[in-house]
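What follows draws every value from the coordinates through simple rules; no lab data is involved. Keep in mind the model is a prediction, meaning the values are calculated, not measured. All Cβ positions, glycine included, derive from the backbone under ideal geometry; neighbour counts span all protein chains shown.
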């Protein structure tokens, strides 16, 4: 979103875009990996006892970390897919980008 009265101070081009293909690949690969890690560590936590090494607290922490990374990877996958669909729809409409996209440029997504 462009803020009235403020000019761009960065050196990036107005039409700069993130590497959507790479983000799509990484999200598609790592979401199932992190999900498998979540399931694996949750099962290990359920079977571990108080005297085991690593302990249940460490395994629970790893479970939560994998779960958080799964959610982040899935959220990024949804964002990338929405942007790809939006860009494809723009190309079907004659290749004209929306005015707000031209003004706004890269938003860091």
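Data table
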read-out	value
Point-to-point label distance, residue 11-residue 86, nm (Cα→Cβ direction, 7 Å offset)	2.8
Zone residues, the stretch 55-79, relative to residue 44, backbone N less than 15 Å from point 7 Å out along Cα-to-Cβ	55-67
Per-residue Cβ neighbour rank within 10 angstrom, fewest leading, 61, 11	11, 61
